[in-house]
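Before any comments, here is the structure.
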Amino acid sequence: MASDARVLFYRMLLNKFAPLINESEQRNIEGIKALVNPDDLSVQALLTQYRSDTYDFGKDYLFTSQRIFEFLTREIKYTPNDMNISFWLTPKEILTSKVSDDEGLATLLCTALYALGDTKASVYGMELEDLHTHAVVMTTVNEKTLLLDPSVGHGFFKYYGEKSTVFSRYRFDGKKLKRALYRFNAETYEQFI
């Protein structure tokens, strides 16, 4: 019971200060791109656990990125942001607290992939068929699309293939993808609406 009261109290506080939080967390395009920072010390520390000393992008990328993806899906608990608050968590905050919303998890994974040398990796904000949004990471490997959703525990290669096939097969909470709304990484920000 005390736990329920505490959650209600925290929710009331967050709702009260939501406008201030939303205002302070606003990012321009450069600020959003800067979220994918391959030099982030927490990301570099994560990579040292999984990237060999002789890491070669051409030979080791898929194996290393799979291990990082599996670590994130196993160790970081996805928690939906069901409040009217927009915020960005840092890699350190996510790795320390072991919780994140989908956008934070996707940004962390994208940053790790980018730091491994995959400059095609991007965070995609997707609209689902129920009009909710959900963030995933997509990249191109061997001329095929690889979609990764670290907020759910799917196999690394489950959504790998032709882009249209990947889009038609992917589900989040049983919902199909309707369309991509935006994508970003350290170099690019693009809106599709």
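The values are calculated or read from the model by the stated rules, or taken from the named source; none is laboratory data. Note that the coordinates shown come from a computational prediction; the quantities given were computed from them, not determined experimentally. FYI the Cβ positions are ideal-geometry reconstructions off the backbone, even for glycines, and counts take in every protein chain you see. The area values use the complete protein model at the heavy-atom level, side chains included, leaving out ligands, DNA and RNA. Shrake-Rupley method; radii C 1.70, N 1.55, O 1.52, S 1.80 Å.
Is it the case, given these coordinates, that D39 is assigned to a helix (DSSP H, G or I) and at pLDDT 95 or above?
no
Quick check on my filter: what residues within the range 53-78 are β-branched (V, I, T) and free of Cβ contacts under 8 Å to residues at least 60 places away in the same chain? Don't jump to the end; show me each part of the working.
If we filter the range 53-78 for residues that are β-branched (V, I, T), which is where we start, we get 54, 64, 68, 73, 76.
Scanning the range 53-78 gives T54, T64, I68.
Condition check ((1) of a type in the set (D, E); (2) at pLDDT 95 or above; (3) under 18 Å from E129 (Cα atoms)) across all residues:
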residue: L146; (1), (2), (3): no, yes, no
residue: P150; (1), (2), (3): no, yes, no
residue: H154; (1), (2), (3): no, no, no
residue: G161; (1), (2), (3): no, yes, no
residue: V166; (1), (2), (3): no, yes, yes
residue: Y170; (1), (2), (3): no, yes, yes
residue: Y182; (1), (2), (3): no, yes, yes
residue: N185; (1), (2), (3): no, yes, no
residue: F192; (1), (2), (3): no, no, yes
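Under 7 Å between Cβ atoms, which residue pairs at least 6 apart in sequence (or on different chains) link something in the range 6-25 that is open to solvent by less than 80 Å² (accessible area, probe 1.4 Å) with a partner that is modelled with pLDDT of 70 or more and hydrophobic (A, V, I, L, M, F, W, C)?
Between residues of the range 6-25 that are open to solvent by less than 80 Å² (accessible area, probe 1.4 Å) and residues that are modelled with pLDDT of 70 or more and hydrophobic (A, V, I, L, M, F, W, C), the close pairs are E25/W88.
Residue under question is T145, and the condition is that it be in a helix (DSSP H, G or I) and either under 16 Å from the mean Cα position of the chain (by Cα) or within 29 Å of D39 (Cβ to Cβ) (or both); does it hold?
So T145 fails the test.
Would you check if F156 is over 25 Å from L46 (Cα atoms) and hydrophobic (A, V, I, L, M, F, W, C)?
Spelling it out, it is not the case that F156 is over 25 Å from L46 (Cα atoms) and hydrophobic (A, V, I, L, M, F, W, C).
Are any of the residues in the range 11-26 assigned to a loop (DSSP other than H, G, I, E, B) and at pLDDT below 90?
Taking every residue of the range 11-26 in turn, at least one turns out to be assigned to a loop (DSSP other than H, G, I, E, B) and at pLDDT below 90.
Sort through T90, T79, T111, T96 and tell me the only one that's surrounded by 22 or more Cβ atoms within 10 Å (Cβ to Cβ) and farther than 25 Å from T165 by Cβ.
Working: T90 fails: surrounded by 22 or more Cβ atoms within 10 Å (Cβ to Cβ); T79 fails: surrounded by 22 or more Cβ atoms within 10 Å (Cβ to Cβ); T96 fails: surrounded by 22 or more Cβ atoms within 10 Å (Cβ to Cβ).
Exactly one residue qualifies, and that residue is T111.
Conditions first: (1) loosely packed, with under 14 Cβ neighbours inside 10 Å; (2) touching a residue at least 40 places away in the same chain (Cβ under 8 Å). G174 passes all but one, so which condition is the exception?
(2)
Residue-wise test of (1) closer than 13 Å to V137 by Cα; (2) open to solvent by 20 Å² or more (accessible area, probe 1.4 Å); (3) part of a loop (DSSP other than H, G, I, E, B); (4) β-branched (V, I, T).
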position: P150; (1), (2), (3), (4): yes, no, yes, no
position: G153; (1), (2), (3), (4): no, yes, yes, no
position: S164; (1), (2), (3), (4): no, yes, no, no
position: F167; (1), (2), (3), (4): yes, yes, no, no
position: K178; (1), (2), (3), (4): no, yes, no, no
position: Y182; (1), (2), (3), (4): yes, yes, no, no
position: E187; (1), (2), (3), (4): no, yes, yes, no
position: E190; (1), (2), (3), (4): no, yes, no, no
position: I193; (1), (2), (3), (4): no, yes, yes, yes
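Restricting attention to the range 128-137, which residues are of a type outside the set (D, E) and open to solvent by 10 Å² or more (accessible area, probe 1.4 Å)?
Passing the criteria: L131, H132, T133.
Look at the range 119-147 and say how many of its residues are touching a residue at least 60 places away in the same chain (Cβ under 8 Å) and either on the phi > 0 side of the Ramachandran plot or touching a Lys or Arg at 6+ places or on another chain (Cβ under 9 Å) (or both).
Residues meeting the conditions: 3.
From (1) under 24 Å from F192 (Cα atoms); (2) at pLDDT 95 or above, pick out the condition that doesn't hold for D56.
So the condition that D56 fails would be (1).
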